[in-house]
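What follows is a set of notes on a single structure, which appears directly below.
The values are calculated or read from the model by the stated rules, or taken from the named source; none is laboratory data. Source: prediction; values computed, not measured. Neighbour counts run over all protein chains shown; Cβ positions are idealised from the backbone, glycine included.
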Amino acid sequence: MKLALFARLASAVVFSLNAAEVPQSVTELWADFDPRRDPLESEVVREWKTNGMVLRAVRFRVGTFKGQPARLAAFYGFPDGTKAKLPAVMHIHGGGQRANLDEVKALVGRGYAALSVNWGGREMEHAQPGDANTDWGAVDPTQQNVPGYFTLLPGPKQFFEDREHPKNNNWYLLTIGCRRGLTFLEQQPEVDPQRLGIHGYSMGGNLTMYVAGTDARVRAAVPAVGGQGWRWEKHEFTGGTAEPQSRIRGDVEVFRRTLSFESYAPLIRCPVLHRSAANDFHGWMDDVYRTDALIPNQPVRHAWSVHYNHHLSPEVAITMPLWLDHFLKSGPALPETPASKLVLQTNDGIPELRVLPESATHPITRCEIYYSLDSDPRARFWRGTVATRADNTFTAKLPLPSADGPVFAFANVFYRLPQPESFVLPGLPKEIREVCLSTALHRASPAELRAAGVKPAEAPSLLLDDFAHGWRDWYQLNAGNRDHWQHWTRKVTDPKWHGPDGSRLALTFRVAGPNRMTLIAVENEWRSYRGPRRTYAAEVTLAGANGSQTRTFALGNFKDVADGTPLKSWSQLDRLGFSAQPEKSTPDATPRRWSGTPPEFLRVEWQP
């Protein structure tokens with residue numbers, strides 16, 4: 001007891017003594033923290049067994065802050081009856097979420113010991129009255145203290161109350177909590193402490209980068225839809241200037257050097273796989289590549305779900321366990337990042353993207369090449385192409401309306417897995433047969449396009465889609481769900497497919513029975529630099545018919561869901577969607593049932 005008390009007091013003294021000088025780098029910020037120094041005081045809240053797994057709700061001490069202990073709850077699991085030392089993975093949940101028992105079960109089912117920490121402090125799954133939960137004591141780095149993510153300033157729930165310091169930032173305390181989670185794992189009798197991995201989603205993706213950049217015990221890391229640098233920086237886009245994602249309170253330069261991800265990436269000493277969505281609001285594509293390029297001398301891969309925001313396709317999702325398997329269990333390696341080259345000088349003046357993936361370990365099933373004219377990564381429409389294949393080289397033409405704007409291009413290469421994979425999580429299919437890896441992101445400026453002699457090669461089109469390529473230019477939510485299907489495209493933001501002034505939107509489809517459908521148009525979704533974000537909806541009653549039918553919609557048919565005003569122009573649309581349900585923010589958003597099978601969409605076009 002006396003020893004534990006002395007350790008807690010010593011910890012508090014070390015923190016206070018080093019606070020007088022403000023750290024100027026990541027190394028200085030973390031110089032006085034030892035994740036093994038204090039006893040964990042671990043406790044098992046509950047234990048149970050299911051499907052060959054031992055599962056526990058646990059809690060351990062993070063540290064002592066302002067004289068009060070902070071404790072973190074978590075789920076921990078491992079295969080029942082295991083005798084060999086196991087690799088272990090820590091899962092870090094996202095914002096508004098909580099420790100995830102399904103993540104633990106999925107990892108245990110794959111032969112790992114697994115920990116999912118409850119840093120946000122929400123009630124644990126299956127909790128019973130009186131169960132011990134996360135308790136941060138005198139500080140609060142959870143989302144009950146949102147300003148703490150963007151501040152260096154003192155406050156009643158921050159590390160210090162009398163001085164500006166990077167330790168006042170929530171991310172510092174949360175990183176301590178996650179690093180203590182690694183200490184918990186390495187102390188478990190089932191765990192091989194030399195084989196620890198981490199993965200996290202969204203805010204958990206942020207924490208994955210923080211932990212990987214500060215803790216040499218991490219042997220493999222998989223951040224997802226988070227962990228990009230330069231969030232404190234304004235971004236100049238073609239249509240205007242986007243304000244910083246993180247409005248820092250305090251010395252921005254100190255924040256940049258001690259807490260921004262581009263300052264952590266050079267310190268990462270483990271392989272990193274970054275999973276994300278190509279239109280993600282939280283992990284901007286360009287800055288993810290920019291950040292990861294700073295990771296020295298380590299394998300790095302990227303896997304992007306095209307068109308999506310904060311959502312992963314199965315072929316991208318499965319990269320995570322495969323990456324961990326290779327580096328923690330000596331499983332098969334994923335292919336190298338597919339080689340690619342943006343060629344601007346061509347005989348016909350039309351740029352090309354060439355992709356040369358290696359296929360020694362996994363047969364290539366397809367290569368999807370995309371390009372965009374939009375400099376804002378959140379709002380880009382990724383144009384699909386028709387790629388030709390000669391041996392293992394894939395080539396696609398990238399026709400442009402002019403040489404006056406930038407162009408961005410990348411490719412997704414899909415490989416056939418040796419055998420179907422499963423990672424038993426909600427939303428993923430039982431069998432995943434392909435894995436997706438992405439190329440580098442290529443870009444060319446207007447000056448580079450003009451210098452290369454790029455020629456205009458296309459005119460505006462009234463045809464948005466005839467679905468000759470299926471849903472290539474769309475993304476689907478709840479696909480196959482009769483009552484909740486949604487189809488979305490950003491094609492309307494591309495200058496080739498802008499709605500002309502005075503035109504109407506025409507939709508041709510087949511539907512089996514009478515129904516109601518909602519068309520949704522989103523204006524300036526992420527472009528506050530261009531105008532306010534507004535969502536407009538048009539409800540339409542559909543009659544069942546044996547053949548196809550066409551409905552047309554004028555601007556006035558789309559009404560602002562907030563105040564009922566009609567849409568005035570197609571020119572600032574960023575997204576167009578069709579949904580079986582009413583738009584969720586409308587006053588009358590009562591869920592409804594869809595009669596029969598979902599509609600078959602045949603054609604979407606502008607009519608003068």
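Among the candidates 552, 541, single out the residue that is at pLDDT below 95, outside any loop (DSSP other than H, G, I, E, B) and more than 30 Å from residue 403 (Cα to Cα).
541
So, in segment 587-600, of the ones that are touching a strand residue (DSSP E or B) at 6+ places or on another chain (Cβ under 6 Å) and surrounded by fewer than 19 Cβ atoms within 10 Å (Cβ to Cβ), which residue ends up farthest from residue 381 (Cα to Cα)?
Only one residue fits best here, namely 595.
Which of the residues belonging to segment 101-144 are among the acidic types (Asp, Glu) and within 19 Å of residue 41 (Cα to Cα)? Lay out the reasoning, then the answer.
At the first step, the residues of segment 101-144 found to be among the acidic types (Asp, Glu) are 102-103, 123, 125, 131, 135, 140.
Within segment 101-144, 131, 135 meet the criteria.
Could you tell me which residue of segment 495-509 is nearest to residue 605 (Cα to Cα), considering only residues that are surrounded by 15 or more Cβ atoms within 10 Å (Cβ to Cβ) and either aromatic (Phe, Trp, Tyr) or modelled with pLDDT under 95 (or both)?
497
If I filter segment 466-481 down to residues being on the phi > 0 side of the Ramachandran plot and out of contact with any Leu (no Cβ under 8 Å at 6 or more places or on another chain), which single residue comes out as modelled with the highest pLDDT?
Here the answer is 470.
Checking residue 227 against (1) closer than 19 Å to residue 277 by Cα; (2) touching a Lys or Arg at 6+ places or on another chain (Cβ under 8 Å): exactly one of these is not met. Which one?
Answer for residue 227: the failing condition is (2).
From the residues in segment 260-300 that are assigned to a helix (DSSP H, G or I) and among the aliphatic types (A, V, I, L, M), which one is nearest to residue 411 (Cα to Cα)?
Taking segment 260-300 as the starting set, the residues that turn out to be assigned to a helix (DSSP H, G or I) are 261-267, 285-292.
If we keep only those that are among the aliphatic types (A, V, I, L, M) too, we end up with 265, 267, 285, 288.
Details: 265: 24, 267: 29, 285: 13, 288: 16 Å.
Per the criteria, the residue is 285.
What about residue 579, is it among the small types (Gly, Ala, Ser), buried (at least 19 other Cβ atoms within 10 Å of the Cβ) and under 30 Å from residue 376 (Cα atoms)? So that I can check it myself, show each step before the final result.
Details: among the small types (Gly, Ala, Ser): yes; buried (at least 19 other Cβ atoms within 10 Å of the Cβ): yes; under 30 Å from residue 376 (Cα atoms): yes.
Considered against the rule, which asks whether it is among the small types (Gly, Ala, Ser), buried (at least 19 other Cβ atoms within 10 Å of the Cβ) and under 30 Å from residue 376 (Cα atoms), residue 579 comes out as yes.
When you go through 503, 548, 528 one by one, which is the residue that is in contact with an Asp or Glu (Cβ under 8 Å, 6 or more places away or on another chain) and outside the structural domain of residue 380 (by TED's automatic domain parsing)?
The match here is 528.
So, in segment 360-394, of the ones that are small (Gly, Ala, Ser) and crowded, with 16+ Cβ neighbours inside 10 Å, which residue ends up farthest from residue 410 (Cα to Cα)?
In this case the residue turns out to be 379.
Determine whether segment 591-600 contains at least one residue that is in a strand (DSSP E or B) and either basic (Lys, Arg) or in contact with a Lys or Arg (Cβ under 9 Å, 6 or more places away or on another chain) (or both). Break it down stepwise before answering.
Start the filter on segment 591-600 by keeping residues that are in a strand (DSSP E or B), which leaves 600.
With the extra rule that they be either basic (Lys, Arg) or in contact with a Lys or Arg (Cβ under 9 Å, 6 or more places away or on another chain) (or both), the set shrinks to 600.
Yes - at least one qualifying residue is present in segment 591-600.
Being among the hydrophobic types (A, V, I, L, M, F, W, C) and either farther than 30 Å from residue 158 by Cβ or assigned by TED's automatic domain parsing to the domain that holds residue 434 (or both) is true for just one of 252, 288, 316. Which residue is that?
From the options 252, 288, 316, the qualifying one is 316.
Can you tell me which of 94, 181 is surrounded by 18 or more Cβ atoms within 10 Å (Cβ to Cβ) and in contact with a helix residue (DSSP H, G or I) (Cβ under 6 Å, 6 or more places away or on another chain)? Outline the logic, then answer.
Numbers: 181 fails: in contact with a helix residue (DSSP H, G or I) (Cβ under 6 Å, 6 or more places away or on another chain).
The unique qualifying residue is 94.
Consider segment 485-504. How many of its residues are over 23 Å from the mean Cα position of the chain (by Cα) and over 11 Å from residue 576 (Cα atoms)?
Within segment 485-504, residues that are over 23 Å from the mean Cα position of the chain (by Cα) and over 11 Å from residue 576 (Cα atoms) number 11.
Is it the case that segment 141-148 has a residue that's under 15 Å from residue 58 (Cα atoms), crowded, with 24+ Cβ neighbours inside 10 Å and either touching a residue at least 12 places away in the same chain (Cβ under 8 Å) or of a type in the set (A, V, I, L, M) (or both)?
Our first condition is that a residue be under 15 Å from residue 58 (Cα atoms); within segment 141-148, this holds for none.
The answer is no, given that none of the residues of segment 141-148 is under 15 Å from residue 58 (Cα atoms), crowded, with 24+ Cβ neighbours inside 10 Å and either touching a residue at least 12 places away in the same chain (Cβ under 8 Å) or of a type in the set (A, V, I, L, M) (or both).
Looking at residue 101, is it closer than 16 Å to residue 50 by Cβ, surrounded by fewer than 23 Cβ atoms within 10 Å (Cβ to Cβ) and in contact (Cβ under 8 Å) with a residue 24 or more places away in the chain?
Criteria met by residue 101.
I need every pair where a residue in segment 172-185 that is in the same structural domain as residue 77 (by TED's automatic domain parsing) and of a type in the set (Ser, Thr, Tyr) has its Cβ under 9 Å from the Cβ of a residue that is surrounded by 24 or more Cβ atoms within 10 Å (Cβ to Cβ) and modelled with pLDDT under 95, sequence separation at least 6 or different chains.
none
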